[in-house]
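Okay, structure first, notes after.
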Ligand SMILES: Cc1cc2nc3c(=O)[nH]c(=O)nc-3n(C[C@H](O)[C@H](O)[C@H](O)COP(=O)(O)OP(=O)(O)OC[C@H]3O[C@@H](n4cnc5c(N)ncnc54)[C@H](O)[C@@H]3O)c2cc1C
């Protein structure tokens, strides 16, 4: 259970006192405000605040005095044009602030996205909760044999049970020792900033994460992708739902021109043109490595 009754009551309290505003409001986003979307076994993503909507993107692109809207159709066309041509600054006019609870090893991947503002829960100041990510059995996989940076088949039977048992036992033992070290009963108690060092990276942390829409879409493009690790991908997928409700036209353009799109190299274009003309093309004839050729095949295979 990611949120306790007190936290849920605080959220309810915030949601029950709406204020009138002359700012741009996205109806889809208002529904998300403060609510947590559960992710993994103890994690969540929730929207704390946002700025702008689809119209704000057009308003900035047109440097307009009013709403920026000519007509919905016109706005959608403009947003699609901007996305297609990497005209990115209008998308930077929208912002989102999220509260995210996530395992530390996921946070390490996430924090590599430098174009955001972050404030993390202090484990120097506060005591961390006994909450560890333990994968569901269907997400306990063997090392991939084709991709060094990935996972293969799901582990079964005794091997899966043993792995899960080790993960749980190690997490609990480390937390028992953490508690024992910081305890002030009959001892001085080790500083929290030192005691945390033996905790495993599947323990949960939390942060507030604020980012503009352009950089958020870049994050989603990389992390909602099948090549991203499952444990960060599920967070990206949850954020995708939010963005689709917040800025539907921008999200649709993002799906079409980023998520569902591919980038072809000059060599790939040579191969594609050859194929369209019915010519025989090979990796060698187009100057591609075996790996790039495989990637090309993946792109054109339906
Ligand atoms: C599938 C996958 C596997 C990965 N594997 C590894 C790995 O094995 N090891 C590893 O270390 N990382 C790995 N990464 C992380 C990756 O290399 C990037 O650090 C991460 O995705 C953040 O991307 P970014 O720098 O584009 O994002 P951001 O930091 O948000 O930056 C957005 C853009 O801003 C610009 N920018 C931001 N800061 C600077 C700067 N200081 N200088 C110049 N330009 C800047 C760049 O154009 C950048 O693309 C992996 C990422 C993915 C998605």
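Every number here is computed from the coordinates shown, using simple stated rules; none is lab data. Since this is a predicted model, take the numbers as computed values, not measurements. For neighbour counting, all protein chains shown are included, and Cβ atoms are generated from backbone atoms with ideal geometry for every residue, glycine included.
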Looking only at Cα atoms, what is the convex hull volume of the chain per residue, in Å³? 184
Once the Cα atoms of the stretch 224-302 are picked out, what are the Rg and Dmax in Å? 16.6, 47
In the Gaussian network model of the chain, springs joining C-alpha atoms below 10 Å, which of 189, 28, 52 carries the largest mean-square fluctuation? 189
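How many percent of DSSP beta bridges within the stretch 1-127 run antiparallel, rounded to 5? Intermediate results must be reported in sequence, preceding the final value.
Values: 11 of 12 bridges.
The antiparallel proportion sits near 90 percent.
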For the stretch 1-67, what number results from the quotient of the Cα radius of gyration and 2.2 N^0.38 Å? 1.43
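Per the Kirkwood definition applied to all pairs of different Cα atoms, how many angstroms is the hydrodynamic radius of the stretch 149-250?
On the way: mean 1/r = 0.0572 Å⁻¹.
Over the stretch 149-250, the inverse of the mean reciprocal pair distance is 17.5 Å.
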Could you list 88, 26 in order of exposure, starting from the residue whose Cβ has the fewest other Cβ atoms within 10 Å? 88, 26
Exposure proxy check: 210, 277, 19 ranked by fewest other beta carbons within 10 Å? 19, 277, 210
